[in-house]
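Structure first, then comments.
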Amino acid sequence: MPKPASDMPERQRSWVNKRTVSISGHHTSVNLEDAFWKALKEIAASKGVRASQLVATIESERQSDNLSSAIRLFVLNYYRGQSRNPSVL
């Protein structure tokens, strides 16, 4: 039987945080795990933009209905590309 989340060690917990982002003046909530927020900020910094600007770009190019999922896929694809071509950052 699985342990309740409160009894799980911290490294096994999934910390999902809700954040509000502004896209073209419209506020929307996005739920992401801390690791995805951190990765999104790192990617944004590497591109010389704010995380909110990167989210706006992801929003404009997404093909799914869920912005949180689109961000996760963007981060995944970004790092997949990094592993294939480590010289790109």
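Select, from S87, S60, S29, S69, the only residue that is of a type outside the set (F, W, Y) and modelled with pLDDT under 90.
Working: S60 fails: modelled with pLDDT under 90; S29 fails: modelled with pLDDT under 90; S69 fails: modelled with pLDDT under 90.
Step by step, each of S87, S60, S29, S69 is checked, and only S87 is of a type outside the set (F, W, Y) and modelled with pLDDT under 90.
Here is a list of conditions, (1) surrounded by fewer than 15 Cβ atoms within 10 Å (Cβ to Cβ); (2) among the hydroxyl-bearing types (S, T, Y); (3) over 10 Å from the mean Cα position of the chain (by Cα), and Y78 meets all of them except one; can you say which number that is? Of the numbered conditions (1) surrounded by fewer than 15 Cβ atoms within 10 Å (Cβ to Cβ); (2) among the hydroxyl-bearing types (S, T, Y); (3) over 10 Å from the mean Cα position of the chain (by Cα), the odd one out for Y78 is (1).
Every listed requirement among (1) at pLDDT 85 or above; (2) within 17 Å of L54 (Cα to Cα) is met by S24 save one, (1). Checking the structure you have, find out if any residue of the range 38-53 is within 15 Å of I23 (Cβ to Cβ), out of contact with any helix residue (DSSP H, G or I) (no Cβ under 6 Å at 6 or more places or on another chain) and crowded, with 18+ Cβ neighbours inside 10 Å. Checked against the condition, which is being within 15 Å of I23 (Cβ to Cβ), out of contact with any helix residue (DSSP H, G or I) (no Cβ under 6 Å at 6 or more places or on another chain) and crowded, with 18+ Cβ neighbours inside 10 Å, the range 38-53 yields no hits at all.
Could you go through the range 26-36 and let me know if any residue there is out of contact with any Pro (no Cβ under 6 Å at 6 or more places or on another chain), touching a residue at least 12 places away in the same chain (Cβ under 8 Å) and in a helix (DSSP H, G or I). If you could, list the steps in order and put the result at the bottom.
Initial filter on the range 26-36 (out of contact with any Pro (no Cβ under 6 Å at 6 or more places or on another chain)): 26-36.
From what is left, the residues that are touching a residue at least 12 places away in the same chain (Cβ under 8 Å) are 28, 30-34, 36.
Next, from what is left, pick out any that are in a helix (DSSP H, G or I): 34, 36.
For the range 26-36, residues out of contact with any Pro (no Cβ under 6 Å at 6 or more places or on another chain), touching a residue at least 12 places away in the same chain (Cβ under 8 Å) and in a helix (DSSP H, G or I): present.
The values are calculated or read from the model by the stated rules, or taken from the named source; none is laboratory data. Please read these numbers as outputs of a predicted model, since none were measured by experiment. Neighbour counts are summed over all protein chains in view; Cβ atoms, including those assigned to glycine, are modelled from backbone coordinates with ideal geometry.
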